[in-house]
Amino acid sequence: MQKQIAIATSRDLLDALNHQEISVRAGTIKAIAADPQKASSVCEADGVDLFAELKSLCDATPEAGLRAGYFLALLQLNDERCMDFAKEAFLASDDAKMTLLTAERIARMPESERIEFLTPVLMAADCPTRSRAAANLLAGCRNLLPGTALRVALLTDHPISVPLLNEETLDAWLTELQGPYPLTARKILKKTNRSGSAVLLPFWERLPEPIQVWVLREMIHQGVEDQGRRIRDIVRSATGEVLLCALRCLQKCAAAEGDEDLLQPLYRHENPAVRAAALQGGITRLNWKTVLEREENEEVRLAVIDRIKKSADTDAIPHLARLVEDQSWRIRARATNALAAFAPQSLPVLRDLLGHESENVRASAIQALRVLEQEEDLVEAL
């Protein structure tokens, strides 16, 4: 049964707020929050500062639930000090509940003052809860700067239009793509642009290297569409990881005149990954003997096999047969697959390999002939 407390004077109110029974204190707080004007009038009649009393209780109460109650009652008062109190508490508290309570009061600020107060909070990375609350409070504001509007779009729970990527907003987008919420920024950028990350290509020279790498990696998976010319320009000037990613994008592009001139210098690049990607990017025939003799790196040799297969050069079948004898099982498997793709021209070579002294080579030949459904050859060999 709830205990009834009669409150006729400020003394009654203060006694109830300090009552030994928590239920009485909680009920009094609830009554103040429900009718703050009445509670203030009772105290003003006796010259009691209700704001100061509630703030003192709030500061002195360690119990979180009761403290939040004093906090809420205080914020409901029609006192000019409440806004400064709310702002101070909003900036100082790491408690999500307190942040949301103060946000309700801050929402009453004029829009221009709200933008000035909340923008630094929004852009800070030390308290995501506070930054998200700031974003929600700014979501309906007009005349936000591009950087502020974009951060709001990343964090708010409310529907909001996202600033389009253009010359004016580029710096803001680049800040967010490398900021505290990069995954969200990247997701929104791709969602709001049909071309996905490729929307950044016209600004290529202004992109930091990590963003260039991300753009190209995304294009590898999402498709390069009509970006062949840009990709080739990037290959000509790029280095390091950007060059490697650009070469992998080039593999997705339709072949064009001049590709071999572009790629040929990279076949001797110091980075084996670049050599491999360059070899996989072309389709023309090469001097396979020379390329294989000078290359010891397994990944590059695998790329050479892929290039042989892509070039449809049946003159390379003897080179593939020798690669089936390689010590690396990956080389043997890739070469076997390529020989199968060259059937029927490769069938005589595969039949000869059935009699090879190496069990690994024989197994590779058997595998290829099975794929080609050459059962008669297998029966004879067995």
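Annotation note: Cβ proximity below 6 Å between a residue of segment 42-69 that is within 17 Å of residue 83 (Cα to Cα) and a residue that is at pLDDT 85 or above and of a type in the set (S, T, N, Q) (sequence gap 6+ or interchain) occurs for 50/40. Restricting to segment 293-346, and then to whatever is polar (S, T, N, Q) and outside any helix (DSSP H, G or I), can you tell me which residue is farthest from residue 371 (Cα to Cα)? Only one residue fits best here, namely 297. Restricting segment 322-339 to residues that are buried (at least 20 other Cβ atoms within 10 Å of the Cβ) and of a type in the set (Gly, Ala, Ser), the residue that is nearest to residue 295 (Cα to Cα) is 335.
Inside segment 112-132, can you point out the residues that are among the charged types (D, E, K, R) and surrounded by 14 or more Cβ atoms within 10 Å (Cβ to Cβ)?
Correct list: 114, 130, 132.
Count of segment 139-158 residues, restricted to those that are small (Gly, Ala, Ser), at pLDDT 90 or above and not in a helix (DSSP H, G or I), is 1. Where residues in segment 95-137 are closer than 29 Å to residue 63 by Cα and of a type in the set (Val, Ile, Thr), which of them is modelled with the lowest pLDDT? Here the residue is 99. For residues in segment 54-101 being of a type in the set (Asp, Glu) and under 32 Å from the mean Cα position of the chain (by Cα), which is surrounded by the fewest Cβ atoms within 10 Å (Cβ to Cβ)? Among those that are of a type in the set (Asp, Glu) and under 32 Å from the mean Cα position of the chain (by Cα), it is 94. One residue alone among 131, 197, 161 is among the hydroxyl-bearing types (Ser, Thr, Tyr), part of a helix (DSSP H, G or I) and either over 18 Å from the mean Cα position of the chain (by Cα) or closer than 25 Å to residue 108 by Cα (or both), and that residue is 131. Restricting attention to segment 200-228, the residues that are part of a helix (DSSP H, G or I), more than 17 Å from the chain's Cα centre (by Cα) and surrounded by fewer than 18 Cβ atoms within 10 Å (Cβ to Cβ) total 6.
Say whether the condition of being within 30 Å of residue 55 (Cα to Cα), assigned to a helix (DSSP H, G or I), of a type in the set (Ser, Thr, Tyr) and free of Cβ contacts under 8 Å to residues at least 24 places away in the same chain is met by at least one residue in segment 108-126. Among the residues of segment 108-126, at least one is within 30 Å of residue 55 (Cα to Cα), assigned to a helix (DSSP H, G or I), of a type in the set (Ser, Thr, Tyr) and free of Cβ contacts under 8 Å to residues at least 24 places away in the same chain, which makes the answer yes. Just to be sure, is residue 237 small (Gly, Ala, Ser) and either exposed (fewer than 14 other Cβ atoms within 10 Å of the Cβ) or more than 20 Å from the chain's Cα centre (by Cα) (or both)? Yes: the conditions hold for residue 237. So how many residues does segment 164-194 have that are part of a helix (DSSP H, G or I), buried (at least 17 other Cβ atoms within 10 Å of the Cβ) and either out of contact with any Asp or Glu (no Cβ under 7 Å at 6 or more places or on another chain) or not hydrophobic (A, V, I, L, M, F, W, C) (or both)? So the count comes out to 8.
Residue-by-condition table, conditions (1) in contact with a Gly (Cβ under 9 Å, 6 or more places away or on another chain); (2) among the hydroxyl-bearing types (Ser, Thr, Tyr); (3) over 19 Å from residue 103 (Cα atoms):
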position: 131; (1), (2), (3): no, yes, no
position: 148; (1), (2), (3): no, yes, no
position: 158; (1), (2), (3): yes, no, no
position: 161; (1), (2), (3): no, yes, yes
position: 165; (1), (2), (3): no, no, yes
position: 174; (1), (2), (3): no, no, yes
position: 205; (1), (2), (3): no, no, yes
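State whether the residues of segment 11-33 include one that is surrounded by 12 or more Cβ atoms within 10 Å (Cβ to Cβ) and closer than 30 Å to residue 139 by Cα. Yes, segment 11-33 contains at least one residue that is surrounded by 12 or more Cβ atoms within 10 Å (Cβ to Cβ) and closer than 30 Å to residue 139 by Cα.
The values are calculated or read from the model by the stated rules, or taken from the named source; none is laboratory data. Predicted, not measured: the structure shown is a model, and the values here were computed from it. Neighbour counts are summed over all protein chains in view; Cβ atoms, including those assigned to glycine, are modelled from backbone coordinates with ideal geometry.
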